[in-house]
Structure formats: structure tokens, C-alpha cells
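So the structure is just underneath, and the comments pick up after that.
The values are calculated or read from the model by the stated rules, or taken from the named source; none is laboratory data. Since this is a predicted model, take the numbers as computed values, not measurements. Every residue, glycine as well, gets a Cβ built from its backbone with ideal geometry; the counts of neighbours run over all protein chains shown.
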Amino acid sequence: MDATFIVNDNFQFGGGIKRGDSVITVSESFVKAQMELGKHPKTKKWLSGVLNHCEPADDFTAELIGMPKKVKEAGPEEIAEKLAAIKKEMDDMGAAYDRRWKLARFEIELVKAKKERGL
């Protein structure tokens, strides 16, 4: 069975650049070989580009690399509600943001904006 990953960060793979939010499908044996490379002693990040820059797209892949199974993700309407609330809060504070950001980035930037303003 093949393992499927969602790319989080741009990285070089298979003779090209894999862009964020694309999907990579690799064999189970490839994933096991990448896991054998191990983790960095200080940062504890995977030395493999695939494991370091991607997240499992399904439960099989998560189990294969020893992560807990994925929790059901929020639906599109829930995400849209959260984004709208964060954007309103950032507008109220006068904080700048980029409309292209996804929910995770908005949450991070909201925390930064609150810290900058002492909230």
C-alpha cells in the first residue's frame, strides 16, 4: 500500500520542487527507508525531507510513521467562521494580514499581534 503525504513547506524532491499544499504518494518501503535516516539529535526533526516537510494525509500513513491517527478535521463552514472571527479581531486591533493565509497562519499571526500590543 502507498503512503500519502500533504506538503506543508516547499522542498526539493524527486528532481523538482514540491510546493505547499500539494500531495505526494510514495511506497511504504520508501517511507521506512526515510525513517531509518533518523532525527536530528538537537532539534528532533526528521532528517528526511518528506517526513520533515510533509504531514500524513491518511490514517495508514500516520500509523506507518508512528503518529496518532488524524482527528476529524473541521468542515469548511467551521474554518470560514474561525477565519472571519480572527480577521475581525485583527481589523479591530489594526493588525495587518494577508488574505491568502490559511487558518493556522492566521492563528499564529493573531497571537503575535496580541503580544505586540500587550494584550
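Per-structure values
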{"item": "Residue under evaluation ASP91, criteria (1) in contact with a helix residue (DSSP H, G or I) (Cβ under 9 Å, 6 or more places away or on another chain); (2) exposed (fewer than 12 other Cβ atoms within 10 Å of the Cβ), criterion not met", "result": "(1)"}
{"item": "Selection count where residues are free of Cβ contacts under 8 Å to residues at least 12 places away in the same chain and assigned to a strand (DSSP E or B), scope the stretch 1-19", "result": "2"}
{"item": "Residue in the stretch 48-58 that is exposed (fewer than 12 other Cβ atoms within 10 Å of the Cβ), touching a residue at least 24 places away in the same chain (Cβ under 8 Å) and not in a helix (DSSP H, G or I) present", "result": "no"}
{"item": "Breaking point among (1) surrounded by fewer than 16 Cβ atoms within 10 Å (Cβ to Cβ); (2) at pLDDT 85 or above, for LEU64", "result": "(1)"}
{"item": "Residues of the stretch 32-52 satisfying the condition of being modelled with pLDDT of 90 or more and of a type in the set (Val, Ile, Thr)", "result": "THR43"}
